[in-house]
Every structure is written in C-alpha cells, then in structure tokens.
Protein chains: 2
Amino acid sequence: MAAIYDKVAFLGLGLIASSMARAMREAGLAGWMGGHARTEKTRKTALELGLVDAVFSTAAEAVKDADLVVFCVPVGAMEQLAREVAPHLKAGATISDVGSVKGAVIRAIGPHLPKDVHFVPAHPLAGTEHSGPEAGFASLFQNRWCLMTPLPDTDEAAIRRLGMLWEKMGAKVDRMEAGHHDLVLAVTSHAPHLIAYTMVGVADDLKRVTESEVINYSAAGFRDFTRIAASDPTMWRDVFLNNREATLEILGRFTEELFDLQRAIRRGDGQQLFDYFTRTRAIRRGIIEAGQDTGAPDFGRVDID
Amino acid sequence: MAAIYDKVAFLGLGLIASSMARAMREAGLAGWMGGHARTEKTRKTALELGLVDAVFSTAAEAVKDADLVVFCVPVGAMEQLAREVAPHLKAGATISDVGSVKGAVIRAIGPHLPKDVHFVPAHPLAGTEHSGPEAGFASLFQNRWCLMTPLPDTDEAAIRRLGMLWEKMGAKVDRMEAGHHDLVLAVTSHAPHLIAYTMVGVADDLKRVTESEVINYSAAGFRDFTRIAASDPTMWRDVFLNNREATLEILGRFTEELFDLQRAIRRGDGQQLFDYFTRTRAIRRGIIEAGQDTGAPDFGRVDID
C-alpha cells in the first residue's frame, strides 16, 4: 500500500500513539514516523519497541518536516505543546489529535496554529484500561469509530486524507460538530466513567465490607465498573475539566433519574422498576445490532485460564 | 462420580437452574432431576433440551421424594411457592435457593418449611445478561463463588453436602451471615446494577442525542453499562424490593460521593479528581490478583467477528 503521509510525528507516545504507529507500520501508511514524549523512559521504550523511527526530546524537533502531526497527549497538555510546535510546523501539514473532548481541544490548539496548516481534530473511540507505549496494539481501531470534528473552513482534501488514514487503520469514520461530539461523548463515555469511578471509590471507603470481600465477590457487576475505573487518571482528569458543562448536565439528569428509582425502591413500586428495566433492555439489543458488541453472554463470567 | 443427591427438583427452569442441571448432568451429580416451571413453554423447552428427566406443571408434584429442592425463581415468587410445596417435602430433604438476596429469602421460605428438612440458602455469584432455559451452560459456575447463608442451627452435614455439590459444579464456596451477604452484594452487585440501569435510561431519554449516535458510539464506556442493564427485569425488580435498606444505604453514599466529584469538576479541582482516579486503579489490581478477572485489556474493544 502507498503511504498516505510521507512523514508523521506523534506528540505523546502512550496507548493511542503506540497503537496508531503499529497499525500504520503494518499497513505501510507512513513513509517515516517520529515521536516526542516528555520522559526519557517513554522515548526509550518507544524506540526499543520499534514503534517509531526516531524519538525527540523536544516537540519542536519532532514536528520538523512532518506532513501529519498528531497530538496524543492528555487534553490539558495540548495548549502548551501547540505553542511550542507552532513555529516549526511545515506549510501544508495536517495537524490532528486524539483527544476525548473536542471543543476544548479546538480552543487549546487552534489559536496557536499558523494559517498555512490544516487542523482536523479527531477522536478514535478506542482504548483499553491500560496506558503507556507497551499497551498499544495494531488492531485497537478495528471496527471502532473515529469521529472527526473539522471546523467549517477546513480544506476538504486534508479532511478526506486523514479520514482515509483512519479507515486504513480499520476504523469507521464519521464527522460532527465539536459541541455535538462533546455532548454525545458525555452520555456514552464521560458520565459513565465518572459514575464507575465513584462506585469503585464508595466500595473502597466502606470499612464494614472488607476489601477482600468486595474484591472476591466483584464478579456480580462491580467488576465491570472497576475495569472502567482503572483507566488513566491524568487523561480522565483532563476529560472532566475540559468537558465540564456537558458532563455536569448529563450527571444532573442521571441523579434526577436515580433519585426517582430510589424512591420507587423505598415505596416498593415494583411496576415502575420493572418497566424501567424492560426499557433499558431494548437499548442493549440496538448496540448488538449496530455491531458494537456481541450478543455472547459475557457479564458475570470470564475465562481466568 | 457418585451422585451427591439421588433426586433433585428445580423450582423454576431459567438461566441458573438450566446451568445447574447441565453441570450436574455432566458431572453425574444427581441420580434423577425434575423441574417445575410456571409456563408450559418453559417446561417444554427444558424437556426438549434434555435439562431434566421430567417436568411438572405444579411445584408440589416436582418436589415429591426429592432429596434436594432448589428454588430458582425470582425472590418475589418464593413465598407462594414455599407454601405450596411445604406439605409435600420429603423428611430429611435439603431445601436451597439461588436468590441474589438472602435475608428476604429466609423470611419468605423459612417459616413455611416443616421441621424435618434442612434449609440452606445459597447464592451463586454467576449469571449472564441472558435469561431462560436456553441461556444456561454447564461451565457457568466455574471459578465463581457460591455464598451459603445457613442459619445457626442448621445440620452441618446438610450444609457440607450442598457445598460439595457446588464445588463439583466448579464453584468456590464460602459461608456468611445473611445480613452481611446482603450488604456485600449491595456494594458489589445491587447498587452497580441500579446505576447501570439508570445511566442507560438517561441515554434513552435524551432526545437531543439521537438513539443511533448513543448506540453507535457506545464502545466508549456506555456499552458495558448496557450489558449490565440488559439483565432480567423481574429478577432485578425483586432484588431491589427485597434488599431495600442495604441498596438504599449504598446508593446514598454513592450520591454523596458523586456530588463531591461533580463539585470538583465544577470548581476545576484537577488534583482531587486525579487522586480519586488513582485510588480506584488499585482496586482493579486487587481484583485481577484475586483471580476474579484477567488483566487482558478488554474495555472499549471487542471482536465482533
């Protein structure tokens, strides 16, 4: 396959950059790949794993001559990095990112970029609860969505080229407005994560229920929450700080609804509970039909061997 | 292997009874198995699948001469069934159940039983989001816990015999007091389920975020909630109605904690969020070390093929 970009620079070399580098290497999508990471340890690991052809201790060096620059750092680190690299970007280059919020990323990176580059924010809906360069794998994006949120005046060819890169890495590509993206993700990801973190924190607090019991008997539902709540703390801190309004709005609605169900439990209103639980089952069916999960029974059981 | 019980009767022929019957058949743990289900359709399916040797349209017939009777119906249906079968139980028989709450089960079944049977409530922490006799499989209990909550004056030999049955089906067995069980399960299962149901309900309500977007982009965390929220509505209605106090207490603590984190987001207190998310990661490690899940990255990705 012909390379889609001649030179690609990753800013940040964690789970997502590592997976992109592997996928792009496997499919021959880049002529050359370079990367910058803040710590020497990560740079060394990335080189040892053969993720990129070269690593750089400064972001400015990494982006030199790059046709595609991808910000793969937590959202809170993007603005400073954008300031640093802006003077060194190649004219005509495409600048993208993989951040989980898009409005804040556009505000953080956009204003610093020179006029002669193409800024195409993107968000691959893929990840695991692990982090770091070792955690990446080439098939991470297979059958997953990558949402692009370009601004209205962005060069259409640059958007299509980036979309093709994601498709060649196995992703399905969609476009939407950044604010809409942030609301959708508040529902499908940000609020669920905060809720999972909270429930796990509550269990940790309960001294009456000893830690080993909560852990031993976790298979009954709690276990899935702990997997979600094991995700990278820095990344998630930045998600909540940067998608504040939408997340708080969804959490507000969640709390209202939770109170209503708690009241049903207190009053012993079995019909309300039954109707609610029946309705939520239908959404599950929709997800399986949309190919976003399998119908294979999974909850409550796992092959430990 | 020698049968542990000569004649076994299942009251209810859904996911759990079906899995028990398959596991017991595979390992030769019962000489004969019979079952009762409320609907003719379920009885017919159970026979066609070869789950049991005979089905009965009344529970009274099913328990005749049985050495082990297992209540495998939603908790709310147990009391009426206990009344029905009590006069027909064999002297010296063991009576057990698989309900997710134990205090309420003991109150529902206990008072109706004759003095000459052994009542050993039990709860296998195993299940899937599917229900019905077709959903069962023999390995469901492998490496899962079965918690027994016998009353203090119960015959020790009867408790051990039932424990051995569960061990031969692959489960690990533990004993605890019924009230303690209900609190532990409120943390590890009941509160997480209500929370998952609520979050899925909120997503369903949001007309601004169209259904197809929530479904398409569910892989980002929400998907795991929908699996939990696809569990059997009748069973879960009964769980909440019958473990009311413990569930409401845990939900109360959850809400307090959630409000605290919401405030941190509103104030932009990144340190509080980071510290909280770091703490919850440690619990995940404990669960993997306890063999209740694998460390394999799973979240956010699934093989659809």
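Computed quantities for the displayed model
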| item | result |
| --- | --- |
| Checklist (1) buried (at least 22 other Cβ atoms within 10 Å of the Cβ); (2) within 22 Å of the chain's Cα centre (by Cα); (3) away from chain B (no Cβ under 14 Å); (4) not polar (S, T, N, Q) applied to A:Leu89, failing item | (2) |
| Boolean, B:Phe240 is in the same structural domain as B:Pro192 (by TED's automatic domain parsing), modelled with pLDDT of 95 or more and of a type in the set (Phe, Trp, Tyr) | yes |
| Listing of strands (runs of 3 or more DSSP E) fully contained in region B:96-149 that carry 2 or more residues being within 18 Å of B:Gly12 (Cα to Cα) and within 13 Å of chain A (Cβ to nearest Cβ) | B:122-124 |
| Number of the condition not met by A:Ala230 [criteria: (1) part of a helix (DSSP H, G or I); (2) surrounded by 21 or more Cβ atoms within 10 Å (Cβ to Cβ); (3) at pLDDT 80 or above; (4) in contact with a helix residue (DSSP H, G or I) (Cβ under 6 Å, 6 or more places away or on another chain)] | (1) |
| Scan of region A:43-95 for residues that are of a type in the set (Asp, Glu) and assigned to a helix (DSSP H, G or I), ordered by number | A:Glu48, A:Glu61, A:Glu79, A:Glu84 |
| Failed item in (1) under 14 Å from the mean Cα position of the chain (by Cα); (2) not in a helix (DSSP H, G or I), with A:Met235 passing the rest | (2) |
| Residue within region B:24-40 that is more than 24 Å from B:Met148 (Cα to Cα), of a type in the set (D, E, K, R) and outside the structural domain of B:Phe240 (by TED's automatic domain parsing) present | yes |
| Subset of region B:28-42 (residues that are assigned to a loop (DSSP other than H, G, I, E, B) and more than 22 Å from the chain's Cα centre (by Cα)) | B:Gly28 |
| Criterion violated by B:Gly268 - all others in (1) under 23 Å from the mean Cα position of the chain (by Cα); (2) more than 30 Å from B:Leu15 (Cα to Cα) satisfied | (1) |
| Of the criteria (1) at the interface with chain B (Cβ under 7 Å from one of its Cβ atoms); (2) surrounded by fewer than 21 Cβ atoms within 10 Å (Cβ to Cβ), which one A:Arg237 fails | (2) |
| Residues satisfying the stated conditions in region A:167-187, i.e. free of Cβ contacts under 8 Å to residues at least 60 places away in the same chain, in a helix (DSSP H, G or I) and either among the aliphatic types (A, V, I, L, M) or buried (at least 23 other Cβ atoms within 10 Å of the Cβ) (or both) | A:Val184 |
| Near pairs, Cβ below 6 angstrom, 6+ apart or cross-chain, from region B:43-72 (at pLDDT 95 or above) to any residue that is of a type in the set (Asp, Glu) | B:Ala59/B:Glu84; B:Ala60/B:Glu84; B:Asp67/B:Asp6; B:Phe71/B:Asp97 |
| Whichever residue in region A:254-305 is among the acidic types (Asp, Glu) and not in a helix (DSSP H, G or I) and, among such residues, is modelled with the highest pLDDT | A:Asp269 |
| Residue selected from region A:177-198 under the condition within 16 Å of the chain's Cα centre (by Cα) and among the aliphatic types (A, V, I, L, M), by the criterion modelled with the highest pLDDT | A:Ala178 |
| Any hit, region B:138-147, residues being within 15 Å of the chain's Cα centre (by Cα) and within 24 Å of B:Glu249 (Cβ to Cβ) | yes |
| Residue check, A:Ala246 over 30 Å from A:Cys72 (Cα atoms), in contact (Cβ under 8 Å) with a residue 12 or more places away in the chain and either in the same structural domain as A:Thr198 (by TED's automatic domain parsing) or outside any helix (DSSP H, G or I) (or both) | no |
| All positions within region A:255-289 that are at the interface with chain B (Cβ under 7 Å from one of its Cβ atoms) and among the aromatic types (Phe, Trp, Tyr) | A:Phe274, A:Tyr276, A:Phe277 |
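Here's the yes/no breakdown for (1) buried (at least 24 other Cβ atoms within 10 Å of the Cβ); (2) of a type outside the set (S, T, N, Q):
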| position | (1), (2) |
| --- | --- |
| B:Val8 | yes, yes |
| B:Thr39 | no, no |
| B:Thr42 | no, no |
| B:Glu48 | no, yes |
| B:Val55 | no, yes |
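The values are calculated or read from the model by the stated rules, or taken from the named source; none is laboratory data. What you are looking at is a predicted structure, and each value in this text was computed from that prediction instead of being measured. Virtual Cβ from ideal backbone geometry, glycine too; neighbours counted across all protein chains shown.
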